[in-house]
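K.L.:
One structure follows; several queries about it will come next.
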Amino acid sequence: MASMRQSTLFTKTRKEAPSDEVSKNAQLLIRAGFVHKEMAGVYSYLQLGRRVLTKIENIIREEMDKIGGQELRMSTLHPSEPWKQTGAWDGVDVLFKIQSRTEKEYALGQSEEEIVTPIAQQYVNSYKDLPIALYQIGQKYRDELRAKSGIMRGREFGMKDMYSFHTTQEDFDRYFEIVKSAYFTIYKRCELDAKATEASGGAFSEKISYEFMVLTDAGEDDILYCDKCDYCANIEVAKNKEGDTCPKCGNSMLKKAKAVEAGNVFDLGQKYPKAFNFTYKAEDGTDHYPIVGCYGMGTTRLMGTLVEVFADEKGIVWPEAVAPFRVHLVELGNGNADVSSEAAELYRELTSAGVEVLWDDRDARAGEKFADSDLIGIPLRVVVSEKTLAAGKFECVERKSKHTTHKSLQELIGHLTA
Ligand code: ATP
Ligand code: MG
(Lines give C-alpha, C1' and ligand atoms only; values in the text may rest on other atoms or scores of the structure.)
(Ligands and ions follow the chains in the order given, each with its own letter.)
Protein backbone atom coordinates (compact mmCIF):
# COMPACT_ATOMS: atom_id res chain seq x y z
CA MET A 1 0.00 0.00 0.00
CA ALA A 2 1.10 3.50 -0.64
CA SER A 3 2.24 6.41 1.48
CA MET A 4 -0.11 9.35 1.85
CA ARG A 5 -0.31 13.01 2.77
CA GLN A 6 -2.68 13.58 5.65
CA SER A 7 -4.01 16.79 4.05
CA THR A 8 -5.53 14.59 1.31
CA LEU A 9 -7.01 11.97 3.66
CA PHE A 10 -10.77 12.53 3.45
CA THR A 11 -11.45 11.48 7.06
CA LYS A 12 -10.80 13.74 10.05
CA THR A 13 -10.51 12.76 13.68
CA ARG A 14 -13.45 13.51 15.97
CA LYS A 15 -13.62 14.50 19.62
CA GLU A 16 -16.70 12.38 20.33
CA ALA A 17 -18.02 9.01 19.21
CA PRO A 18 -21.78 8.55 18.68
CA SER A 19 -23.49 8.52 22.10
CA ASP A 20 -25.08 5.10 21.48
CA GLU A 21 -21.67 3.49 20.90
CA VAL A 22 -20.66 1.71 24.12
CA SER A 23 -17.67 -0.36 23.11
CA LYS A 24 -14.12 0.96 23.32
CA ASN A 25 -13.09 -0.50 19.96
CA ALA A 26 -15.86 1.21 17.99
CA GLN A 27 -15.54 4.48 19.91
CA LEU A 28 -11.83 4.76 19.11
CA LEU A 29 -12.16 3.49 15.54
CA ILE A 30 -14.94 5.98 14.80
CA ARG A 31 -13.15 8.89 16.47
CA ALA A 32 -9.93 8.16 14.58
CA GLY A 33 -11.76 7.75 11.24
CA PHE A 34 -11.22 4.03 10.64
CA VAL A 35 -14.88 3.04 10.49
CA HIS A 36 -18.28 4.64 10.03
CA LYS A 37 -21.29 3.27 11.85
CA GLU A 38 -24.27 2.57 9.60
CA MET A 39 -26.47 1.09 12.33
CA ALA A 40 -26.06 -1.23 15.31
CA GLY A 41 -23.76 -4.06 14.26
CA VAL A 42 -23.00 -2.67 10.79
CA TYR A 43 -19.94 -0.61 9.94
CA SER A 44 -18.27 0.71 6.80
CA TYR A 45 -14.49 0.50 6.71
CA LEU A 46 -12.94 3.79 5.61
CA GLN A 47 -9.47 4.35 4.13
CA LEU A 48 -7.59 3.77 7.39
CA GLY A 49 -9.79 0.88 8.47
CA ARG A 50 -9.61 -0.77 5.08
CA ARG A 51 -5.80 -0.67 5.25
CA VAL A 52 -5.74 -2.48 8.59
CA LEU A 53 -8.33 -5.01 7.51
CA THR A 54 -6.46 -5.78 4.29
CA LYS A 55 -3.28 -6.42 6.26
CA ILE A 56 -5.08 -8.76 8.64
CA GLU A 57 -6.63 -10.55 5.66
CA ASN A 58 -3.25 -10.88 3.95
CA ILE A 59 -1.63 -12.43 7.03
CA ILE A 60 -4.46 -14.97 7.20
CA ARG A 61 -4.29 -15.55 3.43
CA GLU A 62 -0.52 -16.22 3.58
CA GLU A 63 -0.89 -18.73 6.40
CA MET A 64 -3.84 -20.53 4.77
CA ASP A 65 -1.99 -20.71 1.43
CA LYS A 66 1.06 -22.16 3.23
CA ILE A 67 -1.00 -25.10 4.47
CA GLY A 68 -2.46 -25.82 1.05
CA GLY A 69 -5.68 -23.81 1.30
CA GLN A 70 -7.18 -22.85 -2.07
CA GLU A 71 -8.90 -19.50 -1.99
CA LEU A 72 -12.36 -19.03 -3.45
CA ARG A 73 -14.86 -16.24 -3.47
CA MET A 74 -18.21 -17.84 -2.85
CA SER A 75 -21.51 -16.05 -3.23
CA THR A 76 -23.03 -14.33 -0.22
CA LEU A 77 -26.54 -14.28 -1.69
CA HIS A 78 -27.58 -17.91 -1.34
CA PRO A 79 -30.33 -19.98 -2.88
CA SER A 80 -32.75 -21.28 -0.24
CA GLU A 81 -32.70 -24.88 -1.53
CA PRO A 82 -29.40 -26.09 0.02
CA TRP A 83 -30.35 -24.45 3.32
CA LYS A 84 -33.63 -26.35 3.25
CA GLN A 85 -31.81 -29.54 2.32
CA THR A 86 -29.63 -29.44 5.46
CA GLY A 87 -32.47 -28.28 7.72
CA ALA A 88 -30.66 -25.04 8.52
CA TRP A 89 -33.31 -22.86 6.83
CA ASP A 90 -35.50 -23.36 9.89
CA GLY A 91 -32.82 -24.50 12.30
CA VAL A 92 -30.39 -21.55 12.31
CA ASP A 93 -31.85 -18.60 14.21
CA VAL A 94 -29.30 -16.02 12.97
CA LEU A 95 -29.98 -16.72 9.27
CA PHE A 96 -31.21 -13.66 7.37
CA LYS A 97 -33.87 -14.69 4.87
CA ILE A 98 -34.86 -12.53 1.93
CA GLN A 99 -38.12 -12.58 0.04
CA SER A 100 -37.74 -11.74 -3.65
CA ARG A 101 -40.44 -9.85 -5.57
CA THR A 102 -40.84 -13.12 -7.41
CA GLU A 103 -41.88 -16.18 -5.41
CA LYS A 104 -38.26 -16.99 -4.66
CA GLU A 105 -36.55 -16.77 -1.27
CA TYR A 106 -32.85 -16.31 -0.59
CA ALA A 107 -30.53 -16.47 2.39
CA LEU A 108 -27.60 -14.21 3.21
CA GLY A 109 -24.48 -16.26 3.94
CA GLN A 110 -23.87 -16.69 7.68
CA SER A 111 -21.53 -19.63 7.01
CA GLU A 112 -20.83 -21.51 3.78
CA GLU A 113 -21.20 -25.26 4.33
CA GLU A 114 -24.36 -25.22 2.20
CA ILE A 115 -22.45 -23.63 -0.68
CA VAL A 116 -19.01 -25.21 -0.43
CA THR A 117 -20.21 -28.82 -0.09
CA PRO A 118 -22.02 -28.87 -3.47
CA ILE A 119 -19.00 -27.09 -5.06
CA ALA A 120 -16.61 -29.76 -3.74
CA GLN A 121 -19.06 -32.49 -4.80
CA GLN A 122 -18.85 -31.22 -8.38
CA TYR A 123 -15.10 -31.90 -8.57
CA VAL A 124 -14.39 -34.74 -6.14
CA ASN A 125 -15.07 -38.19 -7.57
CA SER A 126 -12.29 -40.42 -6.34
CA TYR A 127 -10.10 -40.79 -3.25
CA LYS A 128 -7.35 -39.40 -5.50
CA ASP A 129 -9.11 -36.03 -5.48
CA LEU A 130 -8.78 -35.76 -1.67
CA PRO A 131 -7.81 -34.12 0.61
CA ILE A 132 -8.70 -30.56 -0.33
CA ALA A 133 -9.01 -27.39 1.73
CA LEU A 134 -11.10 -24.52 0.36
CA TYR A 135 -11.32 -21.12 1.96
CA GLN A 136 -12.51 -17.59 1.43
CA ILE A 137 -12.24 -14.25 3.15
CA GLY A 138 -15.39 -12.21 2.94
CA GLN A 139 -18.61 -10.84 4.38
CA LYS A 140 -20.97 -12.77 6.63
CA TYR A 141 -24.46 -11.80 7.76
CA ARG A 142 -26.08 -12.83 11.02
CA ASP A 143 -29.23 -11.69 12.73
CA GLU A 144 -27.47 -11.37 16.10
CA LEU A 145 -29.70 -10.38 19.04
CA ARG A 146 -27.05 -8.30 20.79
CA ALA A 147 -24.66 -6.04 18.91
CA LYS A 148 -22.99 -4.13 21.73
CA SER A 149 -19.37 -5.08 21.18
CA GLY A 150 -18.68 -2.70 18.30
CA ILE A 151 -16.96 -4.40 15.38
CA MET A 152 -16.38 -7.50 17.51
CA ARG A 153 -19.98 -8.65 17.04
CA GLY A 154 -21.54 -7.43 13.85
CA ARG A 155 -24.70 -8.26 11.94
CA GLU A 156 -22.47 -7.87 8.89
CA PHE A 157 -18.83 -8.77 9.50
CA GLY A 158 -15.69 -10.18 7.90
CA MET A 159 -14.62 -13.79 8.31
CA LYS A 160 -12.13 -16.25 6.92
CA ASP A 161 -13.85 -19.60 6.64
CA MET A 162 -12.09 -22.73 5.44
CA TYR A 163 -13.51 -26.22 4.81
CA SER A 164 -11.40 -29.34 4.38
CA PHE A 165 -12.49 -32.69 2.95
CA HIS A 166 -10.75 -35.97 3.81
CA THR A 167 -10.97 -39.70 3.14
CA THR A 168 -10.12 -40.88 6.66
CA GLN A 169 -10.42 -39.69 10.24
CA GLU A 170 -6.62 -40.02 10.56
CA ASP A 171 -6.06 -37.72 7.62
CA PHE A 172 -8.53 -35.26 9.05
CA ASP A 173 -6.83 -35.35 12.48
CA ARG A 174 -3.47 -34.72 10.85
CA TYR A 175 -4.77 -31.65 8.99
CA PHE A 176 -6.71 -30.38 12.00
CA GLU A 177 -3.43 -30.05 13.93
CA ILE A 178 -1.81 -28.26 11.01
CA VAL A 179 -4.62 -25.69 10.92
CA LYS A 180 -4.43 -25.25 14.69
CA SER A 181 -0.78 -24.36 14.47
CA ALA A 182 -1.40 -22.00 11.50
CA TYR A 183 -3.96 -20.22 13.70
CA PHE A 184 -1.37 -19.71 16.43
CA THR A 185 1.04 -18.32 13.83
CA ILE A 186 -1.59 -15.80 12.68
CA TYR A 187 -2.30 -14.57 16.22
CA LYS A 188 1.41 -14.33 16.91
CA ARG A 189 2.01 -12.24 13.79
CA CYS A 190 -0.70 -9.90 15.14
CA GLU A 191 1.12 -9.87 18.51
CA LEU A 192 -1.84 -11.51 20.23
CA ASP A 193 -1.50 -14.17 22.86
CA ALA A 194 -4.23 -16.69 22.03
CA LYS A 195 -5.14 -19.83 23.95
CA ALA A 196 -6.90 -22.84 22.50
CA THR A 197 -9.64 -24.21 24.72
CA GLU A 198 -9.60 -27.89 25.58
CA ALA A 199 -11.20 -29.94 22.83
CA SER A 200 -14.95 -30.18 23.18
CA GLY A 201 -18.06 -30.96 21.17
CA GLY A 202 -20.80 -28.39 20.66
CA ALA A 203 -24.37 -28.07 19.50
CA PHE A 204 -23.00 -27.69 15.96
CA SER A 205 -21.46 -31.16 15.98
CA GLU A 206 -20.90 -33.92 18.51
CA LYS A 207 -17.36 -34.07 17.21
CA ILE A 208 -14.23 -32.40 18.48
CA SER A 209 -13.73 -28.64 18.31
CA TYR A 210 -11.46 -25.93 19.68
CA GLU A 211 -12.01 -22.27 20.28
CA PHE A 212 -9.17 -19.77 20.19
CA MET A 213 -9.47 -17.26 23.00
CA VAL A 214 -7.78 -13.89 23.52
CA LEU A 215 -7.98 -12.38 26.99
CA THR A 216 -9.74 -9.02 27.08
CA ASP A 217 -12.42 -7.50 29.27
CA ALA A 218 -14.31 -6.69 26.07
CA GLY A 219 -14.81 -10.40 25.42
CA GLU A 220 -18.20 -12.00 25.92
CA ASP A 221 -16.90 -15.38 27.06
CA ASP A 222 -15.66 -16.45 30.50
CA ILE A 223 -12.71 -18.80 30.53
CA LEU A 224 -10.58 -20.65 33.04
CA TYR A 225 -6.88 -20.76 32.28
CA CYS A 226 -3.54 -21.66 33.78
CA ASP A 227 -0.63 -19.28 33.58
CA LYS A 228 1.98 -22.04 33.96
CA CYS A 229 0.83 -24.14 31.00
CA ASP A 230 -1.54 -23.87 28.02
CA TYR A 231 -4.65 -25.17 29.79
CA CYS A 232 -7.73 -23.14 28.87
CA ALA A 233 -11.44 -24.00 29.05
CA ASN A 234 -14.69 -22.22 28.50
CA ILE A 235 -16.39 -21.86 31.90
CA GLU A 236 -19.67 -23.13 30.47
CA VAL A 237 -18.16 -26.55 29.77
CA ALA A 238 -15.25 -26.69 32.24
CA LYS A 239 -15.24 -29.44 34.82
CA ASN A 240 -13.13 -27.27 37.13
CA LYS A 241 -13.60 -23.88 38.74
CA GLU A 242 -11.53 -20.85 39.65
CA GLY A 243 -8.90 -21.63 42.30
CA ASP A 244 -8.77 -25.35 41.47
CA THR A 245 -5.37 -26.84 40.76
CA CYS A 246 -4.63 -26.93 37.04
CA PRO A 247 -5.72 -30.39 35.81
CA LYS A 248 -3.04 -30.36 33.14
CA CYS A 249 0.21 -29.34 34.87
CA GLY A 250 -0.78 -29.36 38.56
CA ASN A 251 1.57 -26.43 39.13
CA SER A 252 -0.79 -23.54 39.44
CA MET A 253 -4.29 -22.45 40.41
CA LEU A 254 -6.81 -21.84 37.63
CA LYS A 255 -7.72 -18.24 36.96
CA LYS A 256 -10.91 -16.83 35.57
CA ALA A 257 -10.94 -14.16 32.86
CA LYS A 258 -13.04 -12.55 30.16
CA ALA A 259 -12.02 -13.52 26.64
CA VAL A 260 -13.12 -13.13 23.06
CA GLU A 261 -13.46 -16.04 20.68
CA ALA A 262 -11.02 -15.11 17.95
CA GLY A 263 -11.52 -18.27 15.91
CA ASN A 264 -12.52 -21.89 16.03
CA VAL A 265 -11.99 -25.21 14.34
CA PHE A 266 -14.66 -27.93 14.06
CA ASP A 267 -14.86 -31.54 13.03
CA LEU A 268 -18.15 -31.64 11.14
CA GLY A 269 -17.89 -35.36 10.42
CA GLN A 270 -19.98 -36.54 7.46
CA LYS A 271 -23.04 -34.41 8.20
CA TYR A 272 -22.87 -32.17 5.11
CA PRO A 273 -21.79 -34.81 2.56
CA LYS A 274 -24.69 -36.95 3.79
CA ALA A 275 -27.17 -34.08 3.38
CA PHE A 276 -26.07 -33.64 -0.25
CA ASN A 277 -25.41 -37.31 -0.94
CA PHE A 278 -21.78 -36.49 -1.74
CA THR A 279 -19.65 -39.62 -1.98
CA TYR A 280 -16.27 -40.46 -3.50
CA LYS A 281 -14.95 -43.79 -4.79
CA ALA A 282 -12.41 -45.44 -2.54
CA GLU A 283 -9.46 -47.50 -3.85
CA ASP A 284 -11.55 -50.71 -3.67
CA GLY A 285 -14.38 -49.15 -5.70
CA THR A 286 -16.81 -48.65 -2.82
CA ASP A 287 -18.55 -45.32 -2.17
CA HIS A 288 -17.86 -43.26 0.96
CA TYR A 289 -18.78 -39.88 2.43
CA PRO A 290 -15.80 -37.57 2.98
CA ILE A 291 -15.02 -36.22 6.46
CA VAL A 292 -15.29 -32.45 6.68
CA GLY A 293 -13.59 -29.88 8.89
CA CYS A 294 -14.47 -26.22 9.17
CA TYR A 295 -12.24 -23.44 10.42
CA GLY A 296 -13.54 -19.95 11.13
CA MET A 297 -11.73 -16.76 12.03
CA GLY A 298 -13.35 -13.33 12.30
CA THR A 299 -11.25 -10.73 10.47
CA THR A 300 -13.18 -7.70 11.68
CA ARG A 301 -13.43 -9.19 15.17
CA LEU A 302 -9.65 -9.61 15.14
CA MET A 303 -9.28 -5.91 14.28
CA GLY A 304 -11.59 -4.95 17.15
CA THR A 305 -9.69 -7.25 19.49
CA LEU A 306 -6.39 -5.56 18.62
CA VAL A 307 -7.88 -2.19 19.53
CA GLU A 308 -9.25 -3.51 22.83
CA VAL A 309 -6.03 -5.25 23.82
CA PHE A 310 -3.47 -2.57 22.88
CA ALA A 311 -5.20 0.82 23.16
CA ASP A 312 -4.10 3.19 25.94
CA GLU A 313 -5.62 6.35 27.40
CA LYS A 314 -4.55 8.38 24.34
CA GLY A 315 -5.88 6.13 21.63
CA ILE A 316 -5.22 3.14 19.43
CA VAL A 317 -1.86 1.32 19.37
CA TRP A 318 -1.48 -0.87 16.27
CA PRO A 319 0.93 -3.80 16.10
CA GLU A 320 3.41 -3.17 13.28
CA ALA A 321 2.18 -6.01 11.08
CA VAL A 322 -1.32 -4.54 10.66
CA ALA A 323 -0.81 -0.79 11.19
CA PRO A 324 -2.33 1.43 8.47
CA PHE A 325 1.13 3.03 8.02
CA ARG A 326 4.56 2.22 9.47
CA VAL A 327 5.55 5.85 10.11
CA HIS A 328 3.59 8.95 11.05
CA LEU A 329 5.70 11.82 9.79
CA VAL A 330 4.67 14.89 11.75
CA GLU A 331 5.83 18.17 10.22
CA LEU A 332 5.93 21.09 12.65
CA GLY A 333 7.02 23.88 10.38
CA ASN A 334 4.79 26.87 11.11
CA GLY A 335 5.34 27.87 7.51
CA ASN A 336 9.13 27.39 7.61
CA ALA A 337 10.08 26.37 4.05
CA ASP A 338 13.23 24.52 5.15
CA VAL A 339 11.21 22.31 7.48
CA SER A 340 8.71 21.58 4.71
CA SER A 341 11.34 20.61 2.19
CA GLU A 342 13.11 18.45 4.78
CA ALA A 343 9.78 16.68 5.52
CA ALA A 344 9.18 16.23 1.78
CA GLU A 345 12.60 14.70 1.32
CA LEU A 346 12.12 12.35 4.27
CA TYR A 347 8.73 11.32 2.87
CA ARG A 348 10.29 10.54 -0.53
CA GLU A 349 13.25 8.65 0.92
CA LEU A 350 11.22 6.51 3.29
CA THR A 351 8.61 5.76 0.64
CA SER A 352 11.22 4.69 -1.89
CA ALA A 353 12.78 2.46 0.78
CA GLY A 354 9.42 0.66 0.91
CA VAL A 355 8.19 2.26 4.13
CA GLU A 356 4.54 3.36 4.26
CA VAL A 357 4.30 6.89 5.59
CA LEU A 358 1.39 9.08 6.61
CA TRP A 359 2.75 12.63 6.34
CA ASP A 360 0.94 15.13 8.51
CA ASP A 361 1.50 18.12 6.24
CA ARG A 362 -1.60 19.93 7.53
CA ASP A 363 -1.55 23.48 8.72
CA ALA A 364 -2.38 22.71 12.36
CA ARG A 365 -0.98 23.25 15.86
CA ALA A 366 1.54 20.80 17.32
CA GLY A 367 -0.84 19.80 20.13
CA GLU A 368 -3.56 18.88 17.66
CA LYS A 369 -1.16 16.92 15.46
CA PHE A 370 0.23 14.94 18.39
CA ALA A 371 -3.22 14.17 19.76
CA ASP A 372 -4.37 12.93 16.35
CA SER A 373 -1.21 10.89 15.96
CA ASP A 374 -1.74 9.24 19.36
CA LEU A 375 -5.38 8.52 18.51
CA ILE A 376 -4.61 6.95 15.11
CA GLY A 377 -1.91 4.74 16.61
CA ILE A 378 0.79 4.39 13.92
CA PRO A 379 3.81 2.54 15.46
CA LEU A 380 6.50 5.18 14.89
CA ARG A 381 6.15 8.96 14.96
CA VAL A 382 8.93 10.95 13.29
CA VAL A 383 8.92 14.68 14.01
CA VAL A 384 10.46 17.23 11.66
CA SER A 385 10.76 20.75 13.08
CA GLU A 386 13.17 23.69 13.27
CA LYS A 387 14.69 22.00 16.30
CA THR A 388 15.34 18.68 14.55
CA LEU A 389 16.64 20.57 11.54
CA ALA A 390 19.20 22.36 13.72
CA ALA A 391 20.19 19.09 15.43
CA GLY A 392 20.48 17.22 12.13
CA LYS A 393 18.47 14.33 13.59
CA PHE A 394 14.77 13.54 13.61
CA GLU A 395 12.88 12.90 16.80
CA CYS A 396 11.47 9.35 16.69
CA VAL A 397 8.83 8.26 19.22
CA GLU A 398 7.48 4.73 19.47
CA ARG A 399 3.73 4.82 19.97
CA LYS A 400 3.64 1.74 22.18
CA SER A 401 6.54 2.32 24.59
CA LYS A 402 6.75 6.13 24.16
CA HIS A 403 10.49 5.48 23.83
CA THR A 404 12.19 8.46 22.12
CA THR A 405 15.37 8.43 20.03
CA HIS A 406 17.05 10.83 17.61
CA LYS A 407 18.05 9.47 14.25
CA SER A 408 19.58 10.71 11.03
CA LEU A 409 17.88 9.77 7.76
CA GLN A 410 20.28 6.89 7.20
CA GLU A 411 19.86 5.59 10.76
CA LEU A 412 16.09 5.81 10.42
CA ILE A 413 16.03 3.92 7.12
CA GLY A 414 18.39 1.33 8.57
CA HIS A 415 16.13 0.92 11.59
CA LEU A 416 12.95 0.57 9.52
CA THR A 417 14.30 -1.81 6.91
CA ALA A 418 16.36 -4.00 9.24
P1 ATP B 1 -19.75 -16.42 18.92
O2 ATP B 1 -19.88 -17.52 19.93
O3 ATP B 1 -18.83 -15.33 19.37
O4 ATP B 1 -21.07 -15.94 18.42
P5 ATP B 1 -19.63 -18.34 16.84
O6 ATP B 1 -19.43 -19.59 17.62
O7 ATP B 1 -21.00 -18.01 16.38
O8 ATP B 1 -19.03 -17.09 17.68
P9 ATP B 1 -18.59 -19.14 14.26
O10 ATP B 1 -19.93 -19.29 13.73
O11 ATP B 1 -17.83 -20.37 14.38
O12 ATP B 1 -18.60 -18.34 15.65
O13 ATP B 1 -17.75 -18.08 13.41
C14 ATP B 1 -16.33 -18.16 13.26
C15 ATP B 1 -15.64 -16.91 13.76
O16 ATP B 1 -16.26 -15.74 13.24
C17 ATP B 1 -15.70 -16.70 15.29
O18 ATP B 1 -14.68 -17.40 15.92
C19 ATP B 1 -15.52 -15.21 15.39
O20 ATP B 1 -14.13 -14.88 15.32
C21 ATP B 1 -16.22 -14.68 14.18
N22 ATP B 1 -17.60 -14.22 14.45
C23 ATP B 1 -18.69 -14.98 14.72
N24 ATP B 1 -19.79 -14.22 14.87
C25 ATP B 1 -19.37 -12.92 14.67
C26 ATP B 1 -20.05 -11.66 14.66
N27 ATP B 1 -21.35 -11.57 14.88
N28 ATP B 1 -19.31 -10.55 14.42
C29 ATP B 1 -17.98 -10.63 14.18
N30 ATP B 1 -17.30 -11.79 14.17
C31 ATP B 1 -17.98 -12.93 14.40
MG1 MG C 1 -22.49 -16.78 17.18
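The values are calculated or read from the model by the stated rules, or taken from the named source; none is laboratory data. Just so it is clear, the structure is predicted and the values come from calculations on it, not from any experiment. Cβ: placed from backbone, ideal geometry, glycine included. Neighbour counts: every protein chain shown.
K.L.:
Does residue 355 count as surrounded by 15 or more Cβ atoms within 10 Å (Cβ to Cβ), part of a loop (DSSP other than H, G, I, E, B) and modelled with pLDDT of 95 or more?
P.N.:
Criteria met by residue 355.
K.L.:
Oh, and also: So which residues in segment 287-301 are outside any strand (DSSP E or B) and near ligand 1 (Cβ under 7 Å from one of its atoms)?
P.N.:
Within segment 287-301, 300, 301 qualify.
K.L.:
Select from segment 9-39 the residues that are among the small types (Gly, Ala, Ser) and surrounded by 15 or more Cβ atoms within 10 Å (Cβ to Cβ) and write down the one among them that is nearest to the chain's Cα centre (by Cα).
P.N.:
26
K.L.:
Please go through segment 321-352 and give me each residue that is exposed (fewer than 15 other Cβ atoms within 10 Å of the Cβ) and either among the charged types (D, E, K, R) or under 22 Å from residue 31 (Cβ atoms) (or both), ordered by number.
P.N.:
338, 345, 348, listed by residue number.
K.L.:
Can you name every residue in segment 91-102 that is under 30 Å from the mean Cα position of the chain (by Cα) and away from ligand 2 (no atom under 16 Å from the Cβ)?
P.N.:
Of everything in segment 91-102, those that are under 30 Å from the mean Cα position of the chain (by Cα) and away from ligand 2 (no atom under 16 Å from the Cβ) turn out to be 97, 98.
K.L.:
Can you find, within segment 365-403, the residue that is nearest to the chain's Cα centre (by Cα) among those that are acidic (Asp, Glu) and over 22 Å from residue 48 (Cβ atoms)?
P.N.:
My answer is 395.
K.L.:
I'm told residue 362 meets every condition in (1) within 28 Å of the chain's Cα centre (by Cα); (2) in a loop (DSSP other than H, G, I, E, B) except one. Can you identify the failing condition by its number?
P.N.:
If we test residue 362 against (1) within 28 Å of the chain's Cα centre (by Cα); (2) in a loop (DSSP other than H, G, I, E, B), just (1) comes out false.
K.L.:
Can you pull out every residue in segment 103-148 that is more than 29 Å from residue 219 (Cβ to Cβ) and either modelled with pLDDT under 95 or within 16 Å of ligand 2 (Cβ to nearest atom) (or both)?
P.N.:
103
K.L.:
Right, something else. Name the pairs: first residue in segment 326-349 and without any contact (Cβ under 8 Å) to a residue 24 or more places away in the chain, second residue crowded, with 18+ Cβ neighbours inside 10 Å, Cβ to Cβ under 7 Å, at least 6 apart or on different chains?
P.N.:
340/331; 340/333
K.L.:
Checking residue 61 against (1) touching an Asp or Glu at 6+ places or on another chain (Cβ under 8 Å); (2) under 23 Å from residue 144 (Cβ atoms); (3) touching a residue at least 60 places away in the same chain (Cβ under 8 Å), which single condition isn't satisfied?
P.N.:
Here residue 61 clears every test but (2).
K.L.:
A follow-up question, please. So which residues in segment 162-203 are of a type in the set (A, V, I, L, M) and part of a loop (DSSP other than H, G, I, E, B)?
P.N.:
Those that are of a type in the set (A, V, I, L, M) and part of a loop (DSSP other than H, G, I, E, B): 192, 199, 203.
K.L.:
Just a yes or no: is a residue in segment 296-304 within 16 Å of ligand 2 (Cβ to nearest atom) and β-branched (Val, Ile, Thr)?
P.N.:
yes
K.L.:
Would you pick out the residues in segment 312-350 that are within 23 Å of the chain's Cα centre (by Cα), among the β-branched types (Val, Ile, Thr) and within 19 Å of residue 404 (Cα to Cα)?
P.N.:
Correct list: 316, 317, 327.
K.L.:
Being more than 11 Å from ligand 1 (Cβ to nearest atom), acidic (Asp, Glu) and either farther than 20 Å from residue 308 by Cα or touching a Ser or Thr at 6+ places or on another chain (Cβ under 8 Å) (or both) is true for just one of 191, 177, 144, 211. Which residue is that?
P.N.:
177
K.L.:
Quick one: residue 258 ticks every box in (1) under 29 Å from residue 197 (Cα atoms); (2) away from ligand 1 (no atom under 16 Å from the Cβ); (3) surrounded by fewer than 17 Cβ atoms within 10 Å (Cβ to Cβ) bar one, so which box is it?
P.N.:
The one condition residue 258 does not meet is (2).
K.L.:
Identify, by number, the condition in (1) away from ligand 1 (no atom under 16 Å from the Cβ); (2) loosely packed, with under 13 Cβ neighbours inside 10 Å; (3) over 30 Å from residue 118 (Cα atoms); (4) among the acidic types (Asp, Glu) that residue 242 doesn't meet.
P.N.:
Exception for residue 242: condition (2).
K.L.:
Would you point out which residue out of 211, 261, 220 is within 16 Å of ligand 2 (Cβ to nearest atom), touching a helix residue (DSSP H, G or I) at 6+ places or on another chain (Cβ under 9 Å), free of Cβ contacts under 8 Å to residues at least 60 places away in the same chain and not polar (S, T, N, Q)?
P.N.:
Among 211, 261, 220, only 261 is within 16 Å of ligand 2 (Cβ to nearest atom), touching a helix residue (DSSP H, G or I) at 6+ places or on another chain (Cβ under 9 Å), free of Cβ contacts under 8 Å to residues at least 60 places away in the same chain and not polar (S, T, N, Q).
K.L.:
Across segment 151-160, which residue is surrounded by the most Cβ atoms within 10 Å (Cβ to Cβ) among those that are within 7 Å of ligand 1 (Cβ to nearest atom) and part of a strand (DSSP E or B)?
P.N.:
159
K.L.:
Quick one: which helices (runs of 4 or more DSSP H) sit completely within segment 49-130 and have at least 3 residues that are among the polar types (S, T, N, Q) and either within 16 Å of ligand 1 (Cβ to nearest atom) or farther than 20 Å from residue 142 by Cα (or both)?
P.N.:
113-123
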